[in-house]
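Throughout, read-outs are computed from the coordinates displayed, never taken from laboratory work. All values reported here derive from a predicted model rather than from experimental measurement.
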Amino acid sequence: KKGALWSRKSIGVPSFSSIFKFRISGQGKNFFGDGIALWMTQNSYYQDGSVHAHTDKFYGIGIVFDTFKNTENLASHRDVTVVVNDGEKTWEAMTEDVKGCAASIRYHADRADFSVMDASRAKIVVTENSLFVLYIDAANTGEWVECVTLTDLPLKSDWAVRSYMGVTASTGALA
């Protein structure tokens, strides 16, 4: 029901641009709950937790792709949510002022096999002057939509150099 993949080497540069291609799909037509997250944190290894299989205590940025609207957080739900943490905030504190967007990123499939054509993409741009921009191409058509722009990140200027990238995924109780 959950898993992770973590880089062994840090990002190593203060600015970068990266495209993350992913697919969230399943056979449930009405009831489903799946999510995946991309992490850029100073954790040099995966740490299990409750935020799509990752700890909420991290230093860096997380991008959460969530297909299920839980009743307890309907007001703060976004299909794509960006969270920034200095290592001290809880999930509730990080999502008090929700940064994210709506995007059709879940694919219903009669079969659960992977199709490269049916995927979504996220483009992350990080610059040395504390700028973070996230673009979404929900249907892999080449049409990028700006989802979140963060200026003046509350992180040290070398946070990206010392960060590691990781991917976690989890599925809800309905699986």
**Fill in**
HN-Hα couplings for region 4-12 via Karplus (6.51, -1.76, 1.60; θ = phi - 60°), in whole Hz with x for Gly/Pro, come out as 8, 9, 10, 6, 8, 10, 6, 4, x
**Fill in**
Interchain or sequence-distant (5+) residues whose placed amide H lies within less than 5 Å of the amide H of Lys99 are Val82
